[in-house]
Amino acid sequence: MLKLLCKEKEEGFLSFCQNCTDKVNGAVLYTRLKAYGTDSGEALFWYSEDKDKITSCSSLFDGVFTFVSGNNAPFSDIKLFPHIIGASEVLCSLDSFQKTGFEEKSIRKSLVLKFKGSDKSPAASEVTAENLKEIFPVIFEENPDKDKIFPYWYTDASHKLRHGLIRGKAVYADGKCVSVCITSGETNNTAVISSAATLKAYRKKGFGECAVISLTKASGKEAYVVTDSVKTAEWYEKLGFELTKNTLCSFSL
């Protein structure tokens, strides 16, 4: 049975997300709860427990149901839950997907890479709430809907940056931001990179490498990145990342 998260259970929720095997989605849920809490209405959170021990954590945000689970999670309940709450998409690990028994066949699988280290120590500028408007065109350069995305993206990112819940590094050239790397979720020991982008005219010049390595080293945490592109995964491997055994998946309802 999934229960709506209350303040008394927040610390247990955060602890489970920080220590679960799905480091990526765990960090995203951890950051989301830290950012919005249980009273804001911006996001909804649920948990399950067995003998007073949390066995799964989940959230609905912008129509997407994200969950992490342990071996004793109520998988049959989780399978039905996204439909009950009207979610449009589900995000989880492939392991959780298989244990839950979802029947969706058109799943999108993503590779998870972990930063193992680099001898390089490049310098890059800190991303702050104040310079977000400078980095937005870099991340969404080729997105035709960027004008519609900006208000929501800016509100969410600036809120998390001001509260120290995410971080980013930017590289400047010719008087403007040309490359950026930013996290989407962090726990006390994990950082998940969500966006690493370079303006098209400045690619293959080492700017992206500078932003990514600078961020991963500055965080002082285990850094992960997720991609569904083998070519992108190979690029990250050249920077010091290595493929993990974990695979994430998502599918529409």
query = Within the stretch 186-195, which residues are modelled with pLDDT of 95 or more and among the small types (Gly, Ala, Ser)?
reply = Ala191
task = For the stretch 94-140, enumerate the residues that are closer than 18 Å to Gly220 by Cβ and assigned to a loop (DSSP other than H, G, I, E, B).
result = Lys116, Gly117, Ser118, Asp119, Lys120, Ser121, Pro122, Ala123, Ala124, Val127
message = Quick check on the stretch 95-102. Is at least one of its residues touching a helix residue (DSSP H, G or I) at 6+ places or on another chain (Cβ under 9 Å) and of a type in the set (Ser, Thr, Tyr)?
response = yes
query = Quick check, is Phe136 more than 19 Å from Val225 (Cα to Cα), touching a Lys or Arg at 6+ places or on another chain (Cβ under 9 Å) and crowded, with 17+ Cβ neighbours inside 10 Å?
reply = yes
Count of residues meeting criterion [part of a helix (DSSP H, G or I) and either not hydrophobic (A, V, I, L, M, F, W, C) or not assigned by TED's automatic domain parsing to the domain that holds Ser118 (or both)] in the stretch 227-242 = 6
query = Picking from Leu33, Leu29, Leu5, which residue would you name as being within 14 Å of Thr187 (Cβ to Cβ), buried (at least 18 other Cβ atoms within 10 Å of the Cβ) and free of Cβ contacts under 8 Å to residues at least 60 places away in the same chain?
reply = Leu33
task = Only strands (runs of 3 or more DSSP E) wholly contained in the stretch 1-93 count here; list those with 1 or more residues that are of a type in the set (Asp, Glu) and not assigned by TED's automatic domain parsing to the domain that holds Ser195.
result = 44-50, 89-93
query = Given the structure, is Thr55 farther than 19 Å from Gly185 by Cα, crowded, with 16+ Cβ neighbours inside 10 Å and of a type in the set (Ser, Thr, Tyr)?
reply = yes
request  = Quick one: count up the residues across the stretch 150-176 that are assigned to a helix (DSSP H, G or I) and more than 18 Å from Ala43 (Cβ to Cβ).
outcome  = 1
inquiry  = Against the conditions (1) touching a residue at least 60 places away in the same chain (Cβ under 8 Å); (2) touching a Cys at 6+ places or on another chain (Cβ under 7 Å), where does Thr38 fall short? Just the number, please.
reply    = (1)
remark   = Restricting the stretch 121-133 to residues that are in contact with a Lys or Arg (Cβ under 9 Å, 6 or more places away or on another chain) and closer than 27 Å to Asp228 by Cα, the one surrounded by the most Cβ atoms within 10 Å (Cβ to Cβ) turns out to be Val127
ask   = So which residues in the stretch 140-181 are among the hydrophobic types (A, V, I, L, M, F, W, C), more than 20 Å from Asp62 (Cα to Cα) and surrounded by 16 or more Cβ atoms within 10 Å (Cβ to Cβ)?
value = Ala170, Val171, Cys177, Val178, Val180, Cys181
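Let's see how each residue does on (1) within 19 Å of the chain's Cα centre (by Cα); (2) over 21 Å from Glu142 (Cβ atoms); (3) aliphatic (A, V, I, L, M); (4) in a strand (DSSP E or B):
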position: Val178; (1), (2), (3), (4): no, no, yes, yes
position: Val192; (1), (2), (3), (4): yes, yes, yes, yes
position: Ala196; (1), (2), (3), (4): yes, no, yes, yes
position: Leu215; (1), (2), (3), (4): yes, yes, yes, no
position: Val225; (1), (2), (3), (4): yes, no, yes, yes
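The values are calculated or read from the model by the stated rules, or taken from the named source; none is laboratory data. Fair warning: this is a prediction, and the values are worked out from it, not measured in the lab. Quick reminder, even Gly has a Cβ in these numbers, built from the backbone with ideal geometry, and neighbours come from all protein chains shown.
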